[in-house]
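For reference, the structure discussed in these notes is given below.
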Amino acid sequence: LISKTNVAIDQIHNNTTIQASPEIKAQSEGEVRFLRAYAYFMLVRLFGRVPLLDSVLTHHASQANIPQSSPDQIYAFIEQDLQFAAANLPPSGDPTRFPGRLTNGAAHGLLAKVYLTEKKWDQAMTTAGIVINSGQYDLTTPYEKIFREDGENSKESVFEIQATATQAIQTANGVQYASI
């Protein structure tokens, strides 16, 4: 995932055939940097020291053995990616055209969780407050609906993976994650 996000960021910055406004490019980069931050957040919590890759790897010998970075370095990198994402993602998505599209609420929500993990209590409270006070989310969805199709992308959902099977393709779009 990290390699793919680095390729996408490189393409956003360097591919001159991409015809998009600066705003769309910034939003796209925000989405990609959110995913990269999410991947690094999972890695650093599971393994601690991991290599920090922030660009496209070539097959050059100097990149054959990248040293591990400290957890502090990884967390600082995650924070930068999420701060960029929060600044460049919209406050809400278009649920009919792009259900589950990333928003700045998702970026702030994950950033608050990162701050909690780092025991940065004041920053966590401030960042969580941005999500809570945004007016985009609330806890009014009945509990029995949250994990059913009619509860998908409800006001409780800050970040939700889209994995709904359809009548035409009953297994190709589903996800086993919910059953675990």
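The values are calculated or read from the model by the stated rules, or taken from the named source; none is laboratory data. Since this is a predicted model, take the numbers as computed values, not measurements. Every residue, glycine among them, receives a Cβ derived from its backbone with ideal geometry; neighbour counts consider all protein chains shown. With ligands, DNA and RNA removed, areas are computed over all heavy atoms of the protein, side chains included. Shrake-Rupley method; radii C 1.70, N 1.55, O 1.52, S 1.80 Å.
A few notes on this one:
- Per-residue SASA entry for SER21, accessible area with 1.4 Å probe, Å² rounded to 10: 50
- Efficiency of FRET from Cβ geometry, GLN11 and LYS155, R₀ 35 Å, rounded to 0.05: 0.55
- If R0 is taken as 45 Å, the Cβ-Cβ distance between MET42 and ALA168 corresponds to a FRET efficiency of 0.90.
- Label-point gap, in nm, between GLN136 and SER70 - each point 7 angstrom along Cα→Cβ: 3.4
- Once the chain from GLN19 to ARG49 is taken as fully extended at 0.36 nm per residue, the excess over their C-alpha distance is 6.9 nm.
- The C-alpha atoms of the chain define a longest principal axis, and helix 22-47 lies at about 80 degrees to it.
- When a 1.4 Å probe is rolled over the protein heavy atoms, the share of accessible surface on the chain that falls to carbon and sulfur comes to 56 percent.
- Cα long-axis angle, helix 71-88 against the chain (0 to 90 degrees, to the nearest 10): 60
- The GluC sites (Glu not before Pro) of the stretch 119-166 that DSSP puts in a loop, and whose beta carbon has at most 16 other beta carbons within 10 Å, are GLU156, GLU160.
- Basic side chains Lys and Arg get +1 at the Cβ, acidic Asp and Glu get -1 at the Cβ, and with that the dipole of the stretch 1-133 about its Cα centre reaches some 300 debye.
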